[in-house]
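Here's the structure, in structure tokens; my notes come after.
No value in this document is a laboratory result; all are computed from the given coordinates. Since the structure is predicted, the reported quantities are computational estimates derived from the model, not experimental observations. A quick note on method: Cβ atoms are made from the backbone with ideal geometry, for glycine too, and the neighbour counts reach across all protein chains shown.
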Amino acid sequence: MNIELLVKMANEISLFFASGSAPTQAARDVATHMKRFWEPRMRRQIVTYYEKGQGEGLNDLAREAVALLAAEARLSNSA
Amino acid sequence: MFAIDYRDCGTPAPRDAGAPVTIDIDGKSVTVPEGTSVMRAASLAGIQVPKLCATDTLKAFGSCRLCLVEIEGRKGYPASCTTLVAPGMKIRTQSEKLAALRRGVLDLYLSDQPPAWAESPAKGHNELETVAKAVGLARTTYGPGRRRPAPVDDSNPYFVFDPQYCIVCSRCVRACDEVQGTFALTVQGRGYDSKIAASEGQPFLESECVSCGACVEACPTAALIEKSVIRLGEPQRAVITTCAYCGVGCSFEAETRGSGAATEVVRMVPNRDGDANHGHACVKGRFAYGYATHPDRQLKPLLRASIRDEWREASWEEAIAYAAGEIRRIQGKYGRDSVGGITSSRCSNEEAFLVQKLVRAAFGTNNVDTCARVCHSPTGYGLKSTLGESAGTQAFTSVARADVILVIGANPTDGHPVFASQIKRRLREGAKLIVIDPRVIDLVRSPHIAADIHLQLQPGTNVAMLNALAHVVVTEGLTKDDYVAERCEAPAYQRWKAFVAEERNSPETMAAITGVPAGLVRRAARLYATGGNGAIYYGLGVTEHSQGSTAVMGLANLAMATGNLGREGVGVNPLRGQNNVQGSCDMGSFPHEFTGYRHVSDSAVRTLFERDWGVQLPAEPGLRIPNMFEASLDGSFRALYVQGEDIVQSDPNTHHVTSALAAMECVIVQDLFLNETARFAHVFLPGSSFLEKDGTFTNAERRISRVRKVMPPRAGYEDWQVTMLLSEALGYPMRYTHPSEIMDEIARLTPTFAGVSYEKLDRLGSIQWPCNDAAPDGTPTMHVHQFVRGKGRFYVTEYVPTSERVNSRFPLILTTGRILSQYNVGAQTRRTDNVLWHAEDLLEIHPHDAEVRGIAEGDWVGMTSRAGETVLRARISDRIAPGVVYTTFHFPQTQANVVTTENSDWATNCPEYKVTAVQVVRVSQADAWRERTALERSLHETHARARDPAHA
Ligand code: SF4
Ligand code: SF4
Ligand code: FES
């Protein structure tokens, strides 16, 4: 899928939770939102993108959230 | 004339039923609530007092003097329609004196009728005839009539006004005022010269009349009568069903002649016992059903291997086998998740349920979505997050108890006309109105109605506006803290309060963004928070934004903070666009949710479905519609089953959609017509109209109503049967013999539907979910003692401007809407006489913007955005502010969505239809412009195919 669009979507989700959630919770909330609403290939793609290039274009919170997804993916792959 | 099987009680039931009162009528004892008229009490006791000027949808008027009765101990002969019952009353409805008086009155009426009045097209349903029989007077004793003949007005495509039959009872005038609220009719002149006139004596079609038909139904004679009754004759049979147009979900009696395949609908009469509409309807539901028999209906399945080929007719067996074969072939080649389906908000609950079951159980993927994605998905997300349930909180009737009505991003008089009539009635009774809309919608100014405050904000700034309103509520101490303390999560409330109280959210600061003076915003906030019951109604002007979900949460925040939830007269209410938007969402049409909004990752829920359906179900969310398009363009999504939805016309950024569809290997379209999407289809399966099937629709108030088959399906199958055929061919047989069995399955698997059955629907008429052991008859008002979520949750709603901004290339903001006579993409209404009111989409442009571009009324203008360009005619209008242009999207030629972009709501991907930066220029040759855009489109599609090696 168009990675620019996924990055844009991730950033927009982050903009909401950046203020909508308690600060300690925000990255987790963004990641949860992506898990609940994004089809796996969308998540896979943004994780791959992040892992390849440090997630250029992602805002800080989105990057943090994608990092969480990436960590989870690694965990489940190794499990 | 009212419905053929209706017993008219003459006057309405009292709104606030008082204590029971027992009276005696002709020796019969009757007990009725205080406030009931003697006429109504008699009718309830089975005694029909002769009447002409009374009917039970209108207030008693007391002008015809036919309904006189005798009351023991009272002098004279009071009119029973205007006399209210009192304890111990003894009434006589028949006596020689009464008979003589009534004969005298009727004699005068008949003397004004043409000699052959009894032969009028109203035939046996002419109330004059009923009364003549009752009083025993067949013809007038006077000489020829004194009334001057007047010409017949047949300008309206659906009904005629023939003044020779008019008895000037003013039922039509009162229906237009009281029921519809349009005030188009008057009685002109006096005495024998009095006559009914539309507007300033204009033909109906040119008058302010909106063709709702209330007057036609109220008319006791053949003066106002449907052309279809004149053409086809008196109806013989009535079937109660539900309108298939908008989310009001009006109940109708379909009156027909003939039987079997020869059944003809003579007219649609709104059901006076209908819980959503109480006997009212609009021009679409009442009159625009002709599309069902339009010659454009495609009644045979069609097939082709490539979208460049011509269609060829196929048998059902061949078409279904081909479709199933392709799905399996494509899954074999590209993987299980390379296919998906789209359920329709126009089809029934049972049909939406079956399509999502087909996708999840037979395709084995969660790639199912619904056209509600593009309209109200933010409603589901926003209301579920804050209140705990993805639906509006009230019944329509709740508006009758509202003191302050806040309408935001909705245009009820055009989009939800029958509910608009209920709003208008309440406003005439004195409720206050706040409108938040970039456009001066009709509610802002119309006969006998004016908005107290209109916040005419810039498109795309709803969240800024809601934050500014909340700022005032919080900083001026207008919150209901006790209510919040009892019902909502405290930490989130405190966070929200602190956030909205920040100076940057004040109306003064936000004025620069919204364009609305702060003083006006402050007044609106105070009015909503302190004016008594505050009720919010909103539409797509809230949801179809990049911050659609945030705005819905903003509305819920406001309502919670001011204690405006959980009783009659208040609430947060989405006005749903299509008839079954609520239902299709309820039915598990979203890729991440089963029925009743339960996430697919919830293993307990999944197990329930797996046991019932006998298959393993995927636990990950599937693709949403825009994601399907993206996945198609990257080659990982290759087949789509679309039931009853024209995504090419209705979805944004048409070029993107068509490229995505063109890249697919099998598109299966099931519809009434070869729509725009069918241009990209390989299999076409004929659909059935709402007249041709059984099922249920769920309207904007969560009301489940029955759709009943009036005639057999013209193409041989009801839509749910077609889905079954496909499922069977895929090796996953479904065994339902009637949609009621599908509803039983839904009830079995969905806690909020547990108590719903066809038997109960037949008994109660309709049911508002949740319906279960706790609420066996359904739930008109939600969140009564506590929020469904448990504690209500406030969300901080930071305003984030859309990335769609004006610049020197695209200096205007386009926003879109709809119009009364047309419906959605217009596939149905365009195929009816409704085109007489709206034959094309127009671009509304402010006089100032028009002038600097040299654009005059009616000129062709080209409109360009960064997504595409289209051409349409201009209408100069100051309903919109300078800098904003507005159009509707009912006609495919306009291709309004060619210009809308792929921007979407952050939470749900609901497209941002309401904000597109555009440039508008005058063009001399519409066709040349169109050809150019068509050329560009085909280049674009070629380009897309080139990107897709599998299809090269
Ligand atoms: S059709 Fe409706 S709007 Fe038109 S005159 Fe009759 S009641 Fe009024
Ligand atoms: S279109 Fe809507 S308002 Fe009109 S009759 Fe149908 S349901 Fe009622
Ligand atoms: S019906 Fe009572 S006065 Fe006409």
Kindly provide log₁₀ I(q)/I(0) values, in the same order as q = 0.17, 0.18, 0.21, 0.23 Å⁻¹, from the Debye equation applied to equal alpha-carbon scatterers of the stretch A:3-78.
-0.55, -0.61, -0.84, -1.01
On the formula 1/(1 + (r/R0)^6), with r taken between the Cβ atoms of B:R308 and A:N2 and R0 of 30 Å, the FRET efficiency rounded to 0.05 is 0.70
For the stretch B:780-810 versus the stretch B:24-92, the gap between their alpha-carbon centres in whole angstrom:
52 Å
Put in order of increasing Cβ neighbours within 10 Å, starting from the fewest, B:E610, B:E200 give B:E200, B:E610
Treating only the Cα positions of the protein assembly as shown as identical point scatterers, give the base-10 log of I(q)/I(0) from the Debye formula at each q in 0.06, 0.07 Å⁻¹.
-0.46, -0.63
Starting from the Cα gyration tensor of the stretch B:542-686, multiply each eigenvalue by 5, take the square root, and state the resulting semi-axes largest first in whole Å.
32, 22, 15
Output for the stretch B:772-865: trypsin sites (Lys or Arg not before Pro) sitting in coil per DSSP, at most 13 other Cβ within 10 Å, listed by number, reads B:R805, B:R809
So for the stretch B:445-572, using the alpha carbon gyration tensor with a ≥ b ≥ c as root eigenvalues (a/c under 1.5 gives rounded; past that, a/b versus b/c decides prolate or oblate), I'd call it rounded
With 10 angstrom as the radius, rank B:S306, B:S589 by how many other C-beta atoms surround their C-beta, starting from the fewest.
B:S306, B:S589
Please go through the residue pairs B:K59/B:K195; B:K384/B:K432; B:K480/B:K791 and name each one whose alpha carbons sit more than 23 Å apart in this structure.
B:K384/B:K432
Looking only at other chains, what is the average number of their beta-carbon atoms within 10 angstrom of each beta-carbon in B:580-592?
1
Per-residue mean of other chain beta-carbon atoms within 10 angstrom of the beta-carbon, peptide B:900-910?
3
Out of the trypsin sites (Lys or Arg not before Pro) in the stretch B:669-765, which ones are loop residues according to DSSP with at most 14 other C-beta atoms within 10 Å?
B:R735
Length added when fully stretched, B:R445-B:H294, from 0.36 nm per residue minus Cα-Cα
50.7 nm
Neighbour cut-off at most 14 other Cβ (10 Å), DSSP loop, trypsin sites (Lys or Arg not before Pro), the stretch B:86-147
B:R139, B:R146
Principal axis lengths of the stretch B:29-81 from Cα atoms, whole Å, largest first?
28, 27, 19
Rg/Rh ratio calculated on Cα atoms of chain B (Kirkwood radius)
0.98
What distance in nm separates the simple spin-label points at B:A86 and B:D452, each placed 7 Å from Cα in the Cβ direction?
3.8 nm
Using amide H atoms built in the peptide plane, which far-off residues or other-chain residues are under 5 Å from B:Q768 H to H?
B:I704, B:T779
With a 10 Å Cβ neighbour count serving as the proxy for reagent exposure, in which order, fewest first, do B:S877, A:S14, B:S259 appear?
B:S259, B:S877, A:S14
Between B:D482 and B:A116, how high is the FRET efficiency from 1/(1 + (r/R0)^6) when r is the Cβ-Cβ distance and R₀ = 56 Å? Nearest 0.05.
0.20
Using the per-residue mean of other Cβ atoms lying within 10 Å as a proxy for protection, in what order, highest first, do the peptides B:559-568, B:209-218 fall?
B:209-218, B:559-568
The simple spin-label model distance between B:R401 and A:T48, using points 7 Å out along Cα→Cβ, in nm, is 5.7 nm
Whole Å is fine, so just give me how far the alpha carbon centre of the stretch B:233-300 lies from that of chain A.
50 Å
Over all alpha-carbon pairs in the stretch B:86-168, figure out the percentage whose distance exceeds 21 Å.
41 percent
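Could you calculate the FRET efficiency of B:L520 with A:A22 from 1/(1 + (r/R0)^6), where r is the beta carbon distance between them and R0 is 30 Å, rounded to 0.05?
Efficiency at R0 = 30 Å is approximately 0.30.
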Give the distance, in whole Å, between the Cα centre of the stretch B:503-540 and the Cα centre of the stretch B:899-913.
25 Å
Can you divide the C-alpha Rg of the stretch B:674-805 by 2.2 N^0.38 Å and report the result to two decimal places?
1.42
Residues of the stretch B:377-400 with the amide nitrogen closer than 19 Å to a label point 7 Å from the Cα of B:A604, along Cα-to-Cβ, please.
B:388-390
Roughly what would the spin-label model give for B:E503 and B:E317, points 7 Å off Cα along C-beta, in nm?
8.0 nm
If each DSSP helix of 4+ residues adds -39,500 (n - 2.57) and the sum is divided by the residues in chain B, what number results at 222 nm, nearest 500 deg cm²/dmol?
-8500 deg cm²/dmol
Please state, to two decimals, what the Cα-based radius of gyration of the stretch B:1-123 comes to when divided by 2.2 N^0.38 Å (N = residues).
1.10
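Could you work out the helix-only [θ] at 222 nm for chain A, with each DSSP H run of four or more residues adding -39,500 (n - 2.57) and the total divided by the number of residues, to the nearest 500 deg cm²/dmol?
-26500 deg cm²/dmol
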By how many nm would the segment from B:T530 to B:R74 grow when fully extended, if each residue of separation counts as 0.36 nm and the alpha-carbon distance is taken off?
159.4 nm
Within 10 Å of each Cβ in A:12-19, the average number of Cβ atoms from other chains
6
